[in-house]
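So the structure is just underneath, and the comments pick up after that.
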Amino acid sequence: MTKIAVIYYSMYGHILRSSKEIAKGIANAGGKADLFQIKETLPQSLVSQIGGIEKPSIEEIPEITPGHLTEYDGFMFGIPTRYGNLPSQWKSFWDQTGGLWANGGLHGKPFGLFVSTGTPGGGQETTAISSLSSFVHHGMIYVPLGYKNTFPLLTNLNEVHGGSPWGAGTFAGADGSRQPTELELELHRIQGEEFFKTVEKLSK
Ligand SMILES: Cc1cc2nc3c(=O)[nH]c(=O)nc-3n(C[C@H](O)[C@H](O)[C@H](O)COP(=O)(O)O)c2cc1C
């Protein structure tokens, strides 16, 4: 049984919503995904001050540890941008994986990613690109979204939407009030589905 972990960090809930849609796509393709959240590293007082949502309990969605990673065949990473880059919470997690880096524990494992930014031009692609260095050092295999199954959605100019060939995406809006649209949710489902099929092919 091919095992996929969908791992995310979400301050305001957009990437959490997207993660669930990715998991739905994986299920549509006949797979099963386990959801994990990245541990918060900011003080709770600051999270409250900047309006962060209450995180799902760790009974509902466990916190990822480096040890979990070795149990999975592939990973989908949910990343809300910070200045066009990875949030420090994500970086802090990768900084704990030196042991896996040293023993090649993640070498050859496929991953895909999906992002959220406040607005267009806020870093959908740069967030994807700047996250790659950690994965490259681990020797992991990037499975991008591409255009094959998403062309009409990604090229749709009639409505504002996130996402790129690097991975599905959504816009939270400058004040965080925008929610993922149906087009964006469909992109996430397609990505989940296609990622699962690719991981299955690679594991044969
Ligand atoms: C410190 C900080 C930096 C941010 N930097 C950017 C940015 O460079 N570009 C952008 O479009 N949005 C930026 N945002 C907005 C977040 O990307 C947005 O809140 C996030 O994608 C929403 O996802 P979430 O609800 O899953 O947390 C920033 C937010 C914070 C708190």
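FYI, it's all coordinate maths here, none of it is from the lab. None of these values were measured; they are calculated from a predicted model. Methodologically, a virtual Cβ is constructed for each residue, glycine included, from the backbone with ideal geometry; neighbour enumeration extends over all protein chains shown.
Listed by position, the helices (runs of 4 or more DSSP H) enclosed by the range 1-81 that each have at least 2 residues that are in contact with a Phe, Trp or Tyr (Cβ under 9 Å, 6 or more places away or on another chain) and under 25 Å from GLN179 (Cβ atoms) are 14-28.
Note on the range 150-171: residues that are on the phi < 0 side of the Ramachandran plot, assigned to a loop (DSSP other than H, G, I, E, B), of a type outside the set (A, V, I, L, M, F, W, C) and touching an Asp or Glu at 6+ places or on another chain (Cβ under 8 Å) total 2.
Hey, any hits in the range 192-202 for a residue that's farther than 15 Å from ARG17 by Cα, touching a residue at least 12 places away in the same chain (Cβ under 8 Å) and in contact with a Leu (Cβ under 9 Å, 6 or more places away or on another chain)?
Step one: list which residues in the range 192-202 are farther than 15 Å from ARG17 by Cα, which gives 193-202.
Still in the running and touching a residue at least 12 places away in the same chain (Cβ under 8 Å): 193-200, 202.
Checking the rest, the ones that are also in contact with a Leu (Cβ under 9 Å, 6 or more places away or on another chain) come to 194-195.
Yes, the conditions are met somewhere in the range 192-202.
Going by the structure shown, is GLY105 surrounded by 16 or more Cβ atoms within 10 Å (Cβ to Cβ), part of a loop (DSSP other than H, G, I, E, B) and away from the ligand (no atom under 16 Å from the Cβ)?
Details: surrounded by 16 or more Cβ atoms within 10 Å (Cβ to Cβ): yes; part of a loop (DSSP other than H, G, I, E, B): yes; away from the ligand (no atom under 16 Å from the Cβ): yes.
Spelling it out, GLY105 is indeed surrounded by 16 or more Cβ atoms within 10 Å (Cβ to Cβ), part of a loop (DSSP other than H, G, I, E, B) and away from the ligand (no atom under 16 Å from the Cβ).
Looking only at the range 108-149, count every residue that is part of a loop (DSSP other than H, G, I, E, B) and farther than 18 Å from PHE171 by Cα and tell me the total. Give the derivation first.
We begin by selecting, within the range 108-149, every residue part of a loop (DSSP other than H, G, I, E, B); these are 108-109, 118-123, 138-140, 143-149.
Going one step further and asking which of them are farther than 18 Å from PHE171 by Cα, we end up with 108-109, 138-140, 143-144, 146-149.
Qualifying residue count for the region: 11.
Among the residues of the range 38-70, those that are within 12 Å of TYR12 (Cα to Cα), loosely packed, with under 13 Cβ neighbours inside 10 Å and either among the hydrophobic types (A, V, I, L, M, F, W, C) or within 11 Å of the ligand (Cβ to nearest atom) (or both) comprise ILE50, GLY51.
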